[in-house]
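Visitor: The structure's right below; bear with me while I get my questions together.
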Amino acid sequence: MELLPKGWLWVRHDEIAEINPKLPEDGYSPNLMVSFIPMRSVEEETGKLDLSEEREYYQVKKGYTPFIEGDLIFAKITPCMENGKLAILDGLRNGIGFGSTEFHVSRLTKYTNVKYLYYYFLRKAFRRDAQQNMTGSAGQLRVPNKYFQRVLIPLPPLPEQHRIVAKIEELFSNLDQGIEQLKTAQQQLKVYRQAVLKWAFEGKLTEKWRKTHHVEPAERLLEQIKTERENRYQQQLEEWKKAVKEWETNGNQGKKPVKPQKPKGFTPLSEKELAELPQLPDGWCWVKLGNACGKIFDGTHFSPQNYPEGRYKYITAKNIKEHGIDLSDITYVTEDDHKEIYARCDVKKGDVLYIKDGATTGIATVNNWDEEFSLLSSVGVFRTFHNLIEPKYLSFYLNSKVTRNRMLKNIAGVAITRLTLVKLNNSVCSLASIQEQHQIVQEIETRLSVCDNIEANIEEALQKAEALRQNILKKSFEGKLVLQDPNDEPASVLLERIKAEKAKQKAQEAEKRNPNNKKKEKAL
């Protein structure tokens, strides 16, 4: 146990507060409107409350946790406790309220500053200790009543409690202003990133470059893409013929090789479709992605069993980030499942992976892996001819908010956001010459690299701010934040006052329950 400053005292929580008390009186009207506070109404680590929800007293008097104005509520269940869901109740309808049964309640006397206790519980060090003392099963772990009652609190004199709270709030106010400025800068960076992508695919980033470079118009690219697609088809056809001969030579054992599909003809954009699209620079053109890409496909439509370890990674929408494939939450499939999946969706290095299903639909990244992996149908794949369409160019284009909004119009699915392969093929792309594509990628990366550096500095500053916040709290409860006053009444005397107050309150409650006892005492 840490040594405390002179005049301070270690006390048990239940020595200075009532833990999970009942309402102080009965007889409320059944139709009395009271505040109702579910767990979602308590904001993490800020103490802010949403008091918009109200109910009639008779609806909540049973089966919920009661509390009154000034009580401190503390989430006892994981992960709400670890995330810092606690608050001081202020502004309750008619002074009372009810809420989740997953709250502990602490009710202090007038001799203890409730904000002092709030900040003590807000410390991450306290929450870590409470977490280590949780009981229950996985996913249902809770801080037990016994721990909450008996946890030790460093109690200073009451005037010093007030000084500590005032200093914490002063320092936190300054800190919050700085954090707010940092978060505003983060939002501005996000806006700037999207502005860069918008300018890029309107031709604005390379406007000066075009004036000093002569390049072929993008329509020539389309002709080359047609030729490449036909050449690739003829190559696949020859490989298929050889495979069929080998299959026949081996006595038709195994599955017969599937004949490759002949590439579909180009479907030009109609005048109506072009009229709805923005004007492009000279030499650029709008093209359907199905025409621009050599192939568009998606992952497996069955869900294989996946494992925490293995040889073949199983990539789903959760692993696709703009900066690349995220392995922080990766699973694996068996070799047999992988062979079946990879026969349908053989993702190659340089393919553009695109989330086509779910809440994060519209995020794209370039696959930079040489290894094989399995893919779920929530991810689509755009395969380009790299000498004609730069994969990074397409990835940046798809990640533009303007593109996302355009592609998500009239999406399939109501409960789930979903883009079908037909939709992907019919979506459009603004196409520049391959030389200008390379220049656009360079211009984007130069600007976004600056954003990345600034964002890293902001993130570091935010982490330092949080560390400073915790250091302020640490010093507060070590008696190092404000000066001690030798004239303050020591905490030991304060504790006696609290005990006397609690005894008095207990006697009053007993008298209310049985007023005849008081009459008998007077008669004697």
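The values are calculated or read from the model by the stated rules, or taken from the named source; none is laboratory data. All figures in this text were calculated on a predicted structure; none of them were measured in a lab. Here the Cβ positions follow ideal geometry from the backbone for every residue, glycine too, while neighbour counts run over all protein chains shown. Surface areas here come from the heavy atoms of the whole protein model, side chains and all, with no ligands, DNA or RNA. Shrake-Rupley method; radii C 1.70, N 1.55, O 1.52, S 1.80 Å.
Visitor: Just one of Glu496, Glu455, Glu445, Glu460 is of a type outside the set (Val, Ile, Thr), at pLDDT below 95 and surrounded by fewer than 17 Cβ atoms within 10 Å (Cβ to Cβ); which is it? Quick ask: steps written out before the conclusion?
Guide: Working: Glu455 fails: at pLDDT below 95; Glu445 fails: at pLDDT below 95; Glu460 fails: at pLDDT below 95.
One residue alone meets the criteria, Glu496.
Visitor: What's the number of the condition Arg150 fails, among (1) under 17 Å from Gly47 (Cβ atoms); (2) open to solvent by 50 Å² or more (accessible area, probe 1.4 Å); (3) in contact (Cβ under 8 Å) with a residue 24 or more places away in the chain?
Guide: Only one criterion in (1) under 17 Å from Gly47 (Cβ atoms); (2) open to solvent by 50 Å² or more (accessible area, probe 1.4 Å); (3) in contact (Cβ under 8 Å) with a residue 24 or more places away in the chain is unmet by Arg150, namely (1).
Visitor: Enumerate the helices (runs of 4 or more DSSP H) found wholly within the stretch 144-232, keeping only those where 3 or more residues are farther than 30 Å from Thr446 by Cα and aliphatic (A, V, I, L, M). Outline the logic, then answer.
Guide: On the way: elements: 145-150, 158-200, 207-211.
Fully inside the stretch 144-232 and qualifying: 158-200.
Visitor: For the stretch 83-109: of the residues being farther than 16 Å from Leu51 by Cβ and either in contact with a Cys (Cβ under 9 Å, 6 or more places away or on another chain) or open to solvent by 10 Å² or more (accessible area, probe 1.4 Å) (or both), which is modelled with the lowest pLDDT?
Guide: Only one residue fits best here, namely Thr109.
Visitor: Under 6 Å between Cβ atoms, which residue pairs at least 6 apart in sequence (or on different chains) link something in the stretch 333-355 that is touching a residue at least 24 places away in the same chain (Cβ under 8 Å) with a partner that is among the aromatic types (Phe, Trp, Tyr) and open to solvent by less than 40 Å² (accessible area, probe 1.4 Å)?
Guide: Going by the 6 Å Cβ cut-off, the qualifying pairs are Val333/Tyr312; Val333/Tyr314; His338/Tyr312; Cys345/Phe297; Val352/Phe382.
Visitor: So which strands (runs of 3 or more DSSP E) stay within the stretch 1-72 end to end and still have 2 or more residues that are open to solvent by less than 50 Å² (accessible area, probe 1.4 Å)? Give the steps one after another, and end with the answer.
Guide: On the way: elements: 9-12, 17-19, 33-37, 54-56, 65-68.
Correct list: 17-19, 33-37, 65-68.
Visitor: OK, next. Identify, please: which residue in the stretch 116-136 is open to solvent by less than 70 Å² (accessible area, probe 1.4 Å) and outside any helix (DSSP H, G or I) and is, among those, modelled with the lowest pLDDT? Quick ask: steps written out before the conclusion?
Guide: Looking only at the stretch 116-136, we keep the residues that are open to solvent by less than 70 Å² (accessible area, probe 1.4 Å), and these are 116-123, 125-127, 129-130, 133-134, 136.
Restricting the remaining residues to those that are outside any helix (DSSP H, G or I) gives 123, 133-134, 136.
On the way: Arg123: 97, Asn133: 97, Met134: 97, Gly136: 94.
Taking the candidates together, the pick is Gly136.
Visitor: If I filter the stretch 102-124 for residues that are touching a residue at least 24 places away in the same chain (Cβ under 8 Å), at positive phi and small (Gly, Ala, Ser), do I get at least one hit?
Guide: If we filter the stretch 102-124 for residues that are touching a residue at least 24 places away in the same chain (Cβ under 8 Å), which is where we start, we get 102-124.
Adding the requirement that they be at positive phi leaves none.
Within the stretch 102-124, not a single residue is touching a residue at least 24 places away in the same chain (Cβ under 8 Å), at positive phi and small (Gly, Ala, Ser).
Visitor: Now for a different question. Here's a check for you: in the stretch 468-491, which residue that is part of a helix (DSSP H, G or I) and open to solvent by less than 60 Å² (accessible area, probe 1.4 Å) is farthest from Ile153 (Cα to Cα)?
Guide: Residues of the stretch 468-491 part of a helix (DSSP H, G or I): 468-476, 491.
Of the ones still in play, those that are also open to solvent by less than 60 Å² (accessible area, probe 1.4 Å) are 469-470, 472-473, 476, 491.
Details: Arg469: 20, Gln470: 17, Ile472: 17, Leu473: 14, Ser476: 12, Ala491: 12 Å.
Per the stated criteria, the residue is Arg469.
Visitor: Does Thr112 fit the bill of being in a loop (DSSP other than H, G, I, E, B) and exposed (fewer than 15 other Cβ atoms within 10 Å of the Cβ)?
Guide: no
Visitor: Enumerate the strands (runs of 3 or more DSSP E) found wholly within the stretch 290-337, keeping only those where 2 or more residues are under 30 Å from Gly265 (Cα atoms) and not small (Gly, Ala, Ser).
Guide: Details: elements: 295-298, 312-315, 331-333.
By residue number, 295-298.
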